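Take a look at the structure set out below.
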């Protein structure tokens with residue numbers, strides 16, 4: 001049970017980090033787009049360099065998150081491989097629940 005709780009906490013931490021990094025990337029991109037409206041020449045080169053740097057940082061973040069998420073993915077695959085019928089039952093129950101909730105909305 002402790003292993004499951006640790007995995008859930010790790011998954012939540014990774015998800016929060018990804019969302020915060022994506023939000024920061026979006027905000028920086030919007031700022032750069034606003035600032036680039038009237039730029040030409042050297043200013044445009046500076047802007048391109050800034051965008052390149054931000055994209056490099058985004059790639060590094062994705063790589064970092066991917067490496068942090070790998071143990072969670074492996075644990076999920078191991079569980080699913082070791083407990084196929086439980087996985088099917090949980091998936092079917094989740095599908096039924098979603099179906100019932102969507103059916104109530106209509």
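So residue 57 ticks every box in (1) modelled with pLDDT of 80 or more; (2) not in a helix (DSSP H, G or I) but one. Which box is left unticked?
Of everything listed in (1) modelled with pLDDT of 80 or more; (2) not in a helix (DSSP H, G or I), residue 57 misses just condition (2).
Among all residue pairs at least 6 apart or on different chains, which show Cβ distances below 9 Å where the first residue, located in segment 85-106, is surrounded by 10 or more Cβ atoms within 10 Å (Cβ to Cβ) and the second is part of a helix (DSSP H, G or I)?
Matching pairs, first to second residue: 86/79; 86/80; 87/79; 87/80; 87/81.
Quick check on this structure: which one of 48, 34, 3 is loosely packed, with under 12 Cβ neighbours inside 10 Å and either more than 30 Å from residue 79 (Cα to Cα) or modelled with pLDDT of 75 or more (or both)?
From the options 48, 34, 3, the qualifying one is 34.
What's the number of the only condition in (1) more than 16 Å from residue 16 (Cα to Cα); (2) at pLDDT below 80 that residue 65 fails to meet?
That leaves (1) as the condition not met.
The values are calculated or read from the model by the stated rules, or taken from the named source; none is laboratory data. Quick caveat, the model's predicted, so the values are computed rather than measured. A quick note on method: Cβ atoms are made from the backbone with ideal geometry, for glycine too, and the neighbour counts reach across all protein chains shown.
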